[in-house]
Amino acid sequence: MSQHADLTPQQAWDRLESEPAAVLVDVRTQAEWSFVGLPDVTALGKQVVAIEWTTFPDGAPNPRFLEQLRAALPSEDAPVLFLCRSGARSAAATATAVAAGYSGATNISEGFEGDLDEHGHRAVSGWKHAGLPWRQG
């Protein structure tokens with residue numbers, strides 16, 4: 001059983017839109033941000049906070065994750081929504097944030113690219129599949 005809240009990408013967008021203090025934290029790697037893309041929340045007057053959960057290329061845990069989160073979001077009461085590729089890393093980041101006192105931490109369960117289909121393609125769920133704004137490059 002999850003110890004934190006989960007939202008679909010559309011629910012996350014709706015929350016970002018309706019709650020001025022809500023922040024989107026993308027915990028994927030620099031390589032993913034550069035080559036796959038980032039959610040685009042500029043229409044909401046917001047910017048994505050990018051903090052790696054694991055580092056590229058070795059996949060090692062980011063030892064400065066909480067330090068970087070606290071620098072970006074000093075208020076532990078802030079509604080913070082965590083996103084990764086499929087919802088797994090962001091679930092871990094959300095659980096870590098909750099344990100560190102971030103009461104408004106929420107996971108975006110489908111992630112940016114979503115789950116794999118029968119052909120091994122990430123084309124069945126996620127932020128991009130939901131048609132939410134994103135940019136590449």
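Would you confirm whether or not region 85-96 contains a residue that is closer than 17 Å to Leu7 by Cα, in contact with a Ser or Thr (Cβ under 8 Å, 6 or more places away or on another chain) and part of a loop (DSSP other than H, G, I, E, B)? Among the residues of region 85-96, at least one is closer than 17 Å to Leu7 by Cα, in contact with a Ser or Thr (Cβ under 8 Å, 6 or more places away or on another chain) and part of a loop (DSSP other than H, G, I, E, B), which makes the answer yes. Contact map, region 5-20: first residue closer than 19 Å to Ala95 by Cβ and among the hydrophobic types (A, V, I, L, M, F, W, C), second residue at pLDDT 95 or above and not in a helix (DSSP H, G or I), Cβ cut-off under 6 Å, separation 6 or more or different chains; pairs are Ala5/Thr106; Leu7/Thr106; Leu7/Ile108; Ala12/Leu81; Ala12/Ile108.
Exactly one residue out of Val98, Val36, Val48 is touching a Pro at 6+ places or on another chain (Cβ under 6 Å) and hydrophobic (A, V, I, L, M, F, W, C): that is Val48. Does region 12-31 include one or more residues that are touching a helix residue (DSSP H, G or I) at 6+ places or on another chain (Cβ under 7 Å), crowded, with 16+ Cβ neighbours inside 10 Å, β-branched (Val, Ile, Thr) and closer than 15 Å to Pro133 by Cβ? Looking for residues that are touching a helix residue (DSSP H, G or I) at 6+ places or on another chain (Cβ under 7 Å), crowded, with 16+ Cβ neighbours inside 10 Å, β-branched (Val, Ile, Thr) and closer than 15 Å to Pro133 by Cβ, one finds none in region 12-31, hence no. Of all positions in region 34-55, at least one carries a residue that is touching a Ser or Thr at 6+ places or on another chain (Cβ under 8 Å) and at pLDDT below 95. Number of residues in region 88-137 that are over 19 Å from Leu38 (Cα atoms), out of contact with any Asp or Glu (no Cβ under 7 Å at 6 or more places or on another chain) and modelled with pLDDT of 95 or more equals 8.
The residue pairs whose first member lies in region 41-69 and is closer than 30 Å to Asp14 by Cα, whose second member is basic (Lys, Arg) and in a helix (DSSP H, G or I), and whose beta carbons are closer than 7 Å, counting only pairs six or more residues apart or on different chains, are Trp53/Arg89; Thr54/Arg89.
Considering region 45-81, the residues that are crowded, with 16+ Cβ neighbours inside 10 Å and in contact with an Asp or Glu (Cβ under 8 Å, 6 or more places away or on another chain) include one that is farthest from Leu116 (Cα to Cα), namely Pro79.
Suppose the filter is aliphatic (A, V, I, L, M) and either within 10 Å of the chain's Cα centre (by Cα) or under 23 Å from Ala123 (Cα atoms) (or both); does Ala72 pass it? Spelling it out, it is not the case that Ala72 is aliphatic (A, V, I, L, M) and either within 10 Å of the chain's Cα centre (by Cα) or under 23 Å from Ala123 (Cα atoms) (or both). One residue stands out among those in region 112-128 that are touching a residue at least 60 places away in the same chain (Cβ under 8 Å) and in contact with a strand residue (DSSP E or B) (Cβ under 8 Å, 6 or more places away or on another chain): the one that is surrounded by the fewest Cβ atoms within 10 Å (Cβ to Cβ), which is Lys128.
The values are calculated or read from the model by the stated rules, or taken from the named source; none is laboratory data. The structure displayed is predicted, hence computed values, not measured ones. Don't worry about glycine lacking a Cβ; one is built from the backbone with ideal geometry, like all the others, and counts go over all protein chains shown.
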